Amino acid sequence: MTMIKIIIGGDVCPMGELQDAFIAGDVHSLYDDLLEPIKAADLAVANLECPLISKDTPIRKPGIRLAASVHSIHGIVKAGWHVLNLANNHCFDHGVNGLQETILTIKNAGLNSVGAGMNIREARLPYITTIKDQQIVIYAMAEREYSIAGEKTAGANPLDLIDFIHAIHSYKQNRVFIVLLHGGKENYSYPSPEMIRRCRFMVEMGADAVICCHTHGPLPWEIYAGRPIIYGLGNLLFENDQPIQEEWHEGYLAEMTINGPIIAFNPIPYLQCKTKPGAKKMDDGVLEEFLQKMHSRNAHLQESEFLNARWIEHCQQKKDAYLLELIGFNLGLRKLGSLLLHALHSSNTILTALHLAQCETHQEVLNTIFKLMTQDDDRPLSNHR
C-alpha cells in the first residue's frame, strides 16, 4: 500500500491584521515555509476557530465572540487545506445564520467541513474520504460550551463518549479513524488527568489518532498502544496583542504518515504572529529549545503522580477566580443575594455560571477545587440546602 500523508493544523482565526492577507489570498505571508508540508499532504485539515460571515449576528454569551469576513476563505483555499473542523467553542458565536453561512462558504469554495451542522444529527456526521485505496474517517467533537448542537438546534458535535462509541461501530470497519477533539485547559502546559483518560480510552476503542485543539498553546504528545495522541497543537494563525499565556505564539502541525497498519507522527513546530502576522517554522536554535521542552513534557505523561500534583496545584491557583465567577458572594452576602436574586444575579451572571457548569474541563477544575476545600475543612456539613 502506498504511503499516505495527513496534516492537521491548529486554530485558524482570520481576524485583525491577518484578515487582509486572508482576503487577498496572500498565503506566502500567512504560512511562509509551512505551505510546503500543507500542500504536499494528501489530506490537510485545520480548525477554523471563528465563523466566516457577511453580517454580525452575535449571540449572548460570556467572553469574546469571534468572526471574520466570508472573503477570508481565499487564504484558506489557496493554502491547500481540504477540510475545516468546525467542532469548537466559537463556531456558533453568530448563531444559526453565522454557522449556516460559514458552512455554505466552505462548500462553495470547494472545501469540506466537519463537526457542526443545523442539528445534532448533522453535527455528528464524520468526513469520509478515500486516498490511495484507503478510506479515512475524520470525526470531530468539542467540549460543551455555547456552541453545542441539539436535536433541533444548530451547533457543534459535543464530546460524548457514548456517541463516539456509536461512531466507531458505524464508521471504523477497515478505515483509518482520526478523532479531532476541541478541549483542554487554557494557560496550562499539560492535559488534565481526565483528558488523558478520555483520549487513551478512544484509542483503546479503535481510534487510530486523537488530536486536540483549544488550549492556545502547545501541549505534549504520546504514542499510546501504537497510536498518536496529540494533546494540544496550539494556535496556527491567531493574532493577539495581549495573549493569555506565554506560549500563545508557539505551535506545531501534526504530520501523520500512514503505511498499512503503521501510523507515524512527526511535529512541525512554528512561531505565529509573534513579530508579524503569519506563521513560520522555528529557526534551529528556537526549534531545539522547543523540542527539548516538549520532550520533557512528553515524558511526564507517563508519571501519573506528577500529573495529578500539577493539576491540583493549577486548580489551587485558579480557585478564587473560579469561585468568584461561580458563586459571586461570600457567606455573609448569600442571604441578601437570595432576597435580591434578580437584581444581583444578572442574566450574564447566570450565563457565566452555566458556562462553568456544563463545560467538561471547567467541571473538572471545579470538582477538584471543591474536593480540596472539603478535605481541608474539618467542619461538619450542614443538612440544610
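The values are calculated or read from the model by the stated rules, or taken from the named source; none is laboratory data. Because the structure is a prediction, the values reported are computed rather than measured. Here the Cβ positions follow ideal geometry from the backbone for every residue, glycine too, while neighbour counts run over all protein chains shown.
Would you be able to say whether some residue in region 168-177 is assigned to a helix (DSSP H, G or I), aliphatic (A, V, I, L, M) and free of Cβ contacts under 8 Å to residues at least 40 places away in the same chain? Scanning region 168-177, I find at least one residue that is assigned to a helix (DSSP H, G or I), aliphatic (A, V, I, L, M) and free of Cβ contacts under 8 Å to residues at least 40 places away in the same chain, so the answer is yes. Quick check, is Ile211 β-branched (Val, Ile, Thr), free of Cβ contacts under 8 Å to residues at least 40 places away in the same chain, farther than 21 Å from Gln358 by Cα and surrounded by 23 or more Cβ atoms within 10 Å (Cβ to Cβ)? Taking the combined requirement at face value, the residue does not satisfy it. Of all residues in region 58-87, those satisfying the criterion of being out of contact with any Asp or Glu (no Cβ under 7 Å at 6 or more places or on another chain) and within 20 Å of His355 (Cα to Cα) are Arg60, Lys61, Pro62, Gly63, Ile64, Leu86, Ala87. For His182, the criteria (1) free of Cβ contacts under 8 Å to residues at least 12 places away in the same chain; (2) crowded, with 17+ Cβ neighbours inside 10 Å; (3) not acidic (Asp, Glu) hold in every case but one, which is (1). Scan region 293-320 residue by residue and report those that are under 12 Å from Leu372 (Cα atoms) and of a type in the set (Asp, Glu). Within region 293-320, just Glu313 meets the criteria. Among the numbered conditions (1) part of a loop (DSSP other than H, G, I, E, B); (2) modelled with pLDDT of 95 or more; (3) not acidic (Asp, Glu), the only one that Leu236 does not meet is (1).
Considering region 195-211 alone, what residues qualify as being over 12 Å from Tyr139 (Cα atoms) and not charged (D, E, K, R)?
So the first thing to find is which residues in region 195-211 are over 12 Å from Tyr139 (Cα atoms), and the list is 195-201, 203-206.
Once the filter is applied, which keeps residues that are over 12 Å from Tyr139 (Cα atoms) and not charged (D, E, K, R), region 195-211 yields Met195, Ile196, Cys199, Phe201, Val203, Met205, Gly206.
Of all residues in region 54-102, those satisfying the criterion of being polar (S, T, N, Q) and either modelled with pLDDT under 95 or assigned to a helix (DSSP H, G or I) (or both) are Ser72, Asn97, Gln100, Thr102.
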